[in-house]
Amino acid sequence: MAAARARVVVITGGSRGIGLATAQAFAAQGDQVIISGRDAGRLKSAADQIRSDQIDKIVCDVRDPASVEQTFQQIDSRYGTIDVLFNNAGVAHALTPVEKLAPETWREVMETNLTGMYLVTRAALPLMGAGSSIVNNLSVAAVQPFSGMSAYNAAKFGALGFTKALREELRQKGIRVIALLPGATNTEIWQQFWPGAPREKMMKSETVAAAILHAISAPSEASVEELMIGPTAGVL
Ligand SMILES: NC(=O)c1ccc[n+]([C@@H]2O[C@H](COP(=O)([O-])OP(=O)(O)OC[C@H]3O[C@@H](n4cnc5c(N)ncnc54)[C@H](OP(=O)(O)O)[C@@H]3O)[C@@H](O)[C@H]2O)c1
């Protein structure tokens, strides 16, 4: 019997945090993983940490349609298919009341966390077929409002709406769409939000990564549509 083909897994924001932990988890299963992010140096050190010869890296800014198109042209020419797309790239902003929130901050958060997810999904879909999966990293902030987080909340609520519409569009094609809603996870993003946050109470990125792999492994007749996972201890 022929050996099963390694899955091709594309992870935006794969250079650190939840994206890097998820890249590590897929690579440990023998999958071909492509990580992307804006910073070439951080991507290289992430790929070096993973120590798999099935790690590839492509510099990509999810806010930039041309950068996204080029990235998926490269993926098409190197691999020709995508089995798992993890839309994970994201940014936060310092806790700020609306009247003090700068328009450029608003735009950066919306363009990264919402428009970026649409641009990447649009470019990836021609390479995806029945049996493939899209995991959109939202947040508990996609369903729960937090004071001082208006741009982040708006982008994540919007991204949940996008995810739900996408799921309905792709049902007939046999492409599963999973909304991932993690609670507080110990990553560098907290430096942007709240530098003094009690990071020791948060989940590890590896825990979120394991939940993603578990959700993807559901039998083909079923789909985990929403995956909410949070720390046992309260953080916020
Ligand atoms: N940590 C939490 O508590 C938590 C909870 C719920 C959901 N999330 C979500 O999880 C996702 C990952 O966050 P994290 O906590 O792992 O944060 P992180 O450690 O700061 O990682 C963010 C990743 O996104 C990349 N990125 C940022 N802007 C980008 C852009 N314009 N284009 C391409 N890549 C970009 C970063 O790389 P470059 O800077 O090099 O581009 C980095 O690899 C985000 O969507 C976040 O909203 C996090």
Identify the residue in the stretch 4-57 that is of a type in the set (A, V, I, L, M) and in a loop (DSSP other than H, G, I, E, B) and, among all such residues, is farthest from PRO182 (Cα to Cα). ALA4
Of all the residues that make up the stretch 70-110, how many are more than 23 Å from ALA197 (Cβ to Cβ), among the charged types (D, E, K, R) and either under 12 Å from the mean Cα position of the chain (by Cα) or open to solvent by 70 Å² or more (accessible area, probe 1.4 Å) (or both)? 5
List pairs: first residue in the stretch 212-236 and among the charged types (D, E, K, R), second residue open to solvent by 70 Å² or more (accessible area, probe 1.4 Å) anywhere in the structure, Cβ distance under 9 angstrom, at least six positions apart or on different chains. GLU225/LYS164
Name the residues in the stretch 173-185 that are surrounded by fewer than 20 Cβ atoms within 10 Å (Cβ to Cβ) and either over 25 Å from SER132 (Cβ atoms) or free of Cβ contacts under 8 Å to residues at least 40 places away in the same chain (or both), would you? GLY183
Determine whether the stretch 51-70 contains at least one residue that is at positive phi and modelled with pLDDT of 95 or more. no
Taking the stretch 77-103, which residues are within 30 Å of PRO145 (Cβ to Cβ) and among the acidic types (Asp, Glu)? GLU99
Could you grab me the full set of residues in the stretch 171-215 that are within 10 Å of the ligand (Cβ to nearest atom), assigned to a helix (DSSP H, G or I), in contact with a strand residue (DSSP E or B) (Cβ under 8 Å, 6 or more places away or on another chain) and not hydroxyl-bearing (Ser, Thr, Tyr)? VAL208
Can you find a residue in the stretch 159-168 that is touching a Leu at 6+ places or on another chain (Cβ under 6 Å) and either of a type in the set (A, V, I, L, M) or open to solvent by 10 Å² or more (accessible area, probe 1.4 Å) (or both)? yes
Please identify the pairs in which a residue from the stretch 18-38 that is more than 14 Å from the ligand (Cβ to nearest atom) has its Cβ atom under 6 Å from the Cβ atom of a residue that is part of a helix (DSSP H, G or I), counting only partners at least 6 apart or on another chain. ALA27/ILE50
How about the stretch 190-214: which of its residues are more than 13 Å from ASN137 (Cα to Cα) and either open to solvent by less than 40 Å² (accessible area, probe 1.4 Å) or charged (D, E, K, R) (or both)? TRP190, PHE193, ALA197, PRO198, ARG199, GLU200, LYS201, MET202, MET203, LYS204, GLU206, LEU213
May I ask you to verify whether ASN113 is within 30 Å of GLY174 (Cβ to Cβ), open to solvent by less than 50 Å² (accessible area, probe 1.4 Å), part of a helix (DSSP H, G or I) and among the polar types (S, T, N, Q)? yes
Note: among ASP56, ASP48, just one is closer than 20 Å to GLU206 by Cβ and either open to solvent by 30 Å² or more (accessible area, probe 1.4 Å) or more than 13 Å from the ligand (Cβ to nearest atom) (or both), namely ASP48
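The values are calculated or read from the model by the stated rules, or taken from the named source; none is laboratory data. Please read all numbers here as calculations on a predicted model, not as lab measurements. No Cβ is skipped: glycine too gets one built from the backbone with ideal geometry, and neighbour counts run over all protein chains shown. To get the accessible areas, we keep the full protein, side chains included, count just its heavy atoms, and leave off ligands, DNA and RNA. Shrake-Rupley method; radii C 1.70, N 1.55, O 1.52, S 1.80 Å.
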